Every structure is written in C-alpha cells, then in structure tokens.
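What follows is a single structure, written as structure tokens, with notes after it.
The values are calculated or read from the model by the stated rules, or taken from the named source; none is laboratory data. Predicted, not measured: the structure shown is a model, and the values here were computed from it. Glycine also receives a Cβ, built like all others from the backbone with ideal geometry; neighbour counts cover every protein chain displayed. The accessibility values were calculated without ligands, DNA or RNA, using every heavy atom of the protein model including side chains. Shrake-Rupley method; radii C 1.70, N 1.55, O 1.52, S 1.80 Å.
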Amino acid sequence: MGHITVQRHPHDTYGGCCPIHHDCLEGLASGPAIEGRYHTLAQMLPEEHPAWSLQAYYLGQMTANLLLTLSPERIIFGGGVMKQPALLPLILEETDERLHGYLQLPKPLNEIVTKPSFDGLSGLMGAIALGADALKEQGAAQ
Ligand SMILES: [Zn+2]
C-alpha cells in the first residue's frame, strides 16, 4: 500500500523516487526518498531535522486513511526510517490533526499506532513461535 496517493506538502519540491508513480507515498516518504531528497542516509539525520516532520506529514495521511477506511486494531510501523525515535510521535500528531476528532477510536491512538514489539527481531520471534506451535501440534497428534 506504499504506492497510494498522498497530498503533497506545499513546500515539498522533491519529485519522488518511485520509478512508477514518482510522488506516491513510497516515492515521498521512504528511506530512498530521504536519501534522494537530502542526499544522505536517514540514520544520519538528527532528530530535529525537518525531514522527520515531512515524513510524518505523509505517513500521518496514510495512517488517518487506514483508520478511516479499515478501522484496524493495530498499525505497526517498522523498518529503517522508524529507527528515528522522533518520528512516531510526529506521525501520531499528524494523524490526530488529520482525523480532527472525526473518529471515536476504541483506544488511544498511541495504542493503535505503534512500533513492532520485537523491534528488528519480529521475523525471528515469529519463526520461533511458528516452530513452537508446530511442535505442540506434532505432540498433540501422537
Ligand atoms: Zn509508487
């Protein structure tokens, strides 16, 4: 869903890095988009860099759209760009501003929109859980 259309920030002149759509969400708000826009890796940008509020501007649009269309119980943001601790609070702020009280959420926004529980180890933890389930099923079948 990274290729959805988002409203461009009025001061954003970057063309976007998506080879298909150019300025879709992926083209404007991703690690490669940060590299293309600022000519450096995302992890090199300090917490107070304007890149983060611009990322949040786009990711907050996606989050608000997801909440408005699918009412998900949880939206989990992972990946390299999310390693910047300042980003998630900015996304929450942007999402809240976009929703403007329109939705009655079942729980606070910061409990719906989160980072992965096992930050960076989710794949490994999932594999362990699947393995444990398979062993339990095998034991139950005997
Ligand atoms: Zn695209």
- Note on the structure: Residue-ordered couplings for region 126-132, obtained by feeding phi - 60° into the Karplus form 6.51 cos²θ - 1.76 cosθ + 1.60 and rounding to whole Hz (Gly and Pro as x), are x, 5, 5, 4, 5, x, 5
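Counting only GluC sites (Glu not before Pro) that are in a DSSP loop and have at most 16 other C-beta atoms within 10 Å, tell me the longest site-free stretch of the chain. Walk me through the numbers before you get to the answer.
Working: sites that count: E47, E48, E73.
Formally, the longest exposed-site-free interval is 74-142.
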- Round to a whole number: what % of the accessible area of the chain belongs to carbon and sulfur, probe 1.4 Å? 57 percent
- Sort S122, S117 by accessible area with a 1.4 Å probe, largest first. S117, S122
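Could you give the length gained by full extension between I4 and A129, i.e. 0.36 nm per residue of separation minus their alpha carbon distance, to one decimal place?
Numbers: separation 125, 0.36 × 125 = 45.00 nm, distance 3.23 nm.
Full-extension gain reported as 41.8 nm.
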- Inter-label distance for L103 and K136, nm, one decimal - labels placed 7 Å from Cα along Cα-to-Cβ: 3.1 nm
- Ranked from the most accessible area to the least, with a 1.4 Å probe and all protein chains present, what is the order of R98, R74? R74, R98
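List the chymotrypsin sites (Phe, Trp or Tyr not before Pro) in region 45-142 that DSSP assigns to loop (not H, G, I, E or B) and whose Cβ has at most 14 other Cβ atoms within 10 Å. Which are they?
Numbers: sites: W52, Y57, Y58, F77, Y102, F118; in loops: F77, Y102, F118.
Here the chymotrypsin sites (Phe, Trp or Tyr not before Pro) that fit, given the DSSP loop and packing criteria, are Y102, F118.
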- region 33-41 - phi-based ³J(HN,Hα) in whole Hz, Karplus 6.51/-1.76/1.60, Gly and Pro as x: 5, 5, 4, x, 7, 10, 6, 7, 6
- Query: lysines near K83 by alpha-carbon distance under 23 Å, same-chain residues fewer than 8 away left out - which ones?
  - Reply: K115
- Task: Please work out whether region 25-116 counts as rounded, prolate or oblate from its C-alpha gyration tensor, where a ≥ b ≥ c are the square roots of the eigenvalues and a/c under 1.5 means rounded, while otherwise a/b larger than b/c means prolate and anything else oblate?
- Result: prolate
- Task: Just read off the accessible area of I76 with the full protein assembly in place, 1.4 Å probe, to the nearest 10 Å².
- Result: 100 Å²
- Message: Under the rule of at least 5 residues apart or a separate chain, name every residue whose amide H is placed under 5 Å from the amide H of C18.
- Response: C24, G27
